[in-house]
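Computed from the coordinates by the stated procedures, all read-outs in this text should not be read as laboratory data. The model shown is predicted, which means the values in this text are computed figures rather than measured ones. Glycine also receives a Cβ, built like all others from the backbone with ideal geometry; neighbour counts cover every protein chain displayed.
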Amino acid sequence: MDTQVAEHIALAPLPILPVQGEHPLLDIPFVVGIDGRQFKGERLSLVAAEITGLMDPAMDGATRLMRFMFPFKGFSVTLEVLGKVQSLDRDKGAATVNFVDPTGEHLPQLRHLINSYIAGDLVALGEVIGVAPSIPSPANRAASVAVKRLTFSRILGSAGLALATLALVAAVGTLAYNRIFTQPLTAPGLAVQDGMTLAAVSAGQVDYVNLAAAKGEVAFTIRAISGELLSISMPCDCTATALAATVGATVSAGEPMLNVHTADAPVLLTATVPASDVLTLAFADHVNATFGDGTTIKAKADPASLRAEATDAGLPVRLIPETPLQPDQLGQLAKLTIIKKPWF
């Protein structure tokens, strides 16, 4: 009897366990920009995403070109994806976005981010993504300690030890200072004449540009995603300089298009600062601007420009140089670095 029970158990089929979906949704930090609005990303996969925020009922079932932004410390990665809004729940402020073309141009970058997140190479640090530090094995740590002891014993008592120590202290001090008190900006600065910045009022494609427009005439026109033509008139009789206003170019809502100014206006710097860096810039000591020829000047952010609302494209900020810029520097780009105020 016992033998028959054992044979029955051995021949019984094993239970089939549920298999995880081919594209699981992951809790990776990201932000989605749709029609000039920002939504918080809750979960993401290679084919869909879950978002929350203030939802427009008209978006249910609509297809939009969306900007997926992945915030890292000091920079961000932005991917443009064509998505369809589904399962919109206005009361809860939640919706599901299905990618219309999951194998589009965004796929390699998105797959790399998701695979790195699954492998543990990327970790979530609050609202940003960080690179996970590598942890050496005990054997490697022991070998490293042995090598260090041997090297130290060889140079101990020589003048080389003092020089190596000084060099190490200087290197550590420089790295610590750069990490604590400086923050590079991903967006470059552009030398322009002081004036007014005209920005895109909607996402779409630039259809018309007239840099010589008189006051009241159309300066540029944008064909929105909906097909509507949006025209912006010239606010004054002044000179216009194109920033992103190129016929045929695709722009986001809030992206700077033209800089308008008088002929004798002073030269300053403008930059489109990511929303995540605006607060750091507001409390900074100053900004270092380095031009292509190696010249570095100090500049301070205009407080008035920091009070505007940031968009998906960032916040246009005026930087007032401490040393006057020359007319021949017009149009030059500069690498920008925020210098934070020391606490001591």
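Please report the projected area of the range 240-336's Cα convex hull averaged over all directions, in nm².
Values: hull surface 27.7 nm².
Answer in nm², one decimal: 6.9.
Can you flag which of Lys73/Lys335; Lys215/Lys335; Lys40/Lys73; Lys40/Lys341; Lys215/Lys300; Lys73/Lys341 are past 28 Å Cα-Cα? Before the final figure, lay out the partial values.
Values: Lys73/Lys335 18 Å; Lys215/Lys335 34 Å; Lys40/Lys73 18 Å; Lys40/Lys341 31 Å; Lys215/Lys300 31 Å; Lys73/Lys341 19 Å.
From Lys73/Lys335; Lys215/Lys335; Lys40/Lys73; Lys40/Lys341; Lys215/Lys300; Lys73/Lys341, over 28 Å: Lys215/Lys335; Lys40/Lys341; Lys215/Lys300.
Using a 7 Å offset from the Cα along the Cα-to-Cβ direction at both Lys73 and Thr246, what is the distance between the two label points in nm, to one decimal?
Each label point is offset 7 Å from its Cα along the Cβ direction, giving 3.5 nm.
Given labels modelled 7 Å from the Cα in the Cβ direction, how far is it in nm from Asp207 to Arg307?
Each label point is offset 7 Å from its Cα along the Cβ direction, giving 3.5 nm.
Could you calculate the FRET efficiency of Thr63 with Asp27 from 1/(1 + (r/R0)^6), where r is the beta carbon distance between them and R0 is 25 Å, rounded to 0.05?
Numbers: r = 26 Å, r/R0 = 1.03.
Step by step, r from the Cβ atoms, then E = 0.45.
Starting from 0.36 nm per residue, how many nanometres of slack lie between Asp121 and Leu333 once their C-alpha separation is accounted for?
Values: separation 212, 0.36 × 212 = 76.32 nm, distance 3.38 nm.
Contour length minus Cα-Cα distance gives 72.9 nm.
Which loop-located trypsin sites (Lys or Arg not before Pro) does the range 41-120 contain, where loop means any DSSP state but H, G, I, E or B and the Cβ has at most 13 other Cβ atoms within 10 Å? Mind showing how you got there, number by number?
Numbers: sites: Arg43, Arg64, Arg67, Lys73, Lys84, Arg90, Lys92, Arg111; in loops: Lys73, Arg90, Lys92.
Loop-located and lightly packed - Lys73, Arg90, Lys92.
Could you tell me which chymotrypsin sites (Phe, Trp or Tyr not before Pro) in the range 56-91 are loop residues by DSSP with no more than 16 other beta carbons within 10 angstrom of their beta carbon? Before the final figure, lay out the partial values.
Numbers: sites: Phe68, Phe72, Phe75; in loops: Phe75.
Within the range 56-91, the qualifying chymotrypsin sites (Phe, Trp or Tyr not before Pro) (loop, at most 16 other Cβ atoms within 10 Å) are Phe75.
Take the alpha carbon atoms of the range 181-198, find their center, do the same for the range 274-311, and report the distance between the two centers in whole angstrom.
Here the two parts' Cα centres lie 7 Å apart.
For the range 238-344, which trypsin sites (Lys or Arg not before Pro) are both in a DSSP coil and crowded by at most 13 other Cβ atoms within 10 Å?
Arg307
How much length would be gained if the chain were fully extended between Ala214 and Lys340, taking 0.36 nm per residue of separation minus their Cα-Cα distance, in nm to one decimal? Intermediate values should be presented prior to the final figure.
On the way: separation 126, 0.36 × 126 = 45.36 nm, distance 4.24 nm.
Net length gain for the segment: 41.1 nm.
Over the range 55-118, what per residue volume does the convex hull of the Cα atoms give, in whole Å³? Walk me through the intermediate numbers first.
On the way: hull volume 7.3 nm³, N = 64.
Each residue corresponds to 114 Å³ of Cα convex hull volume.
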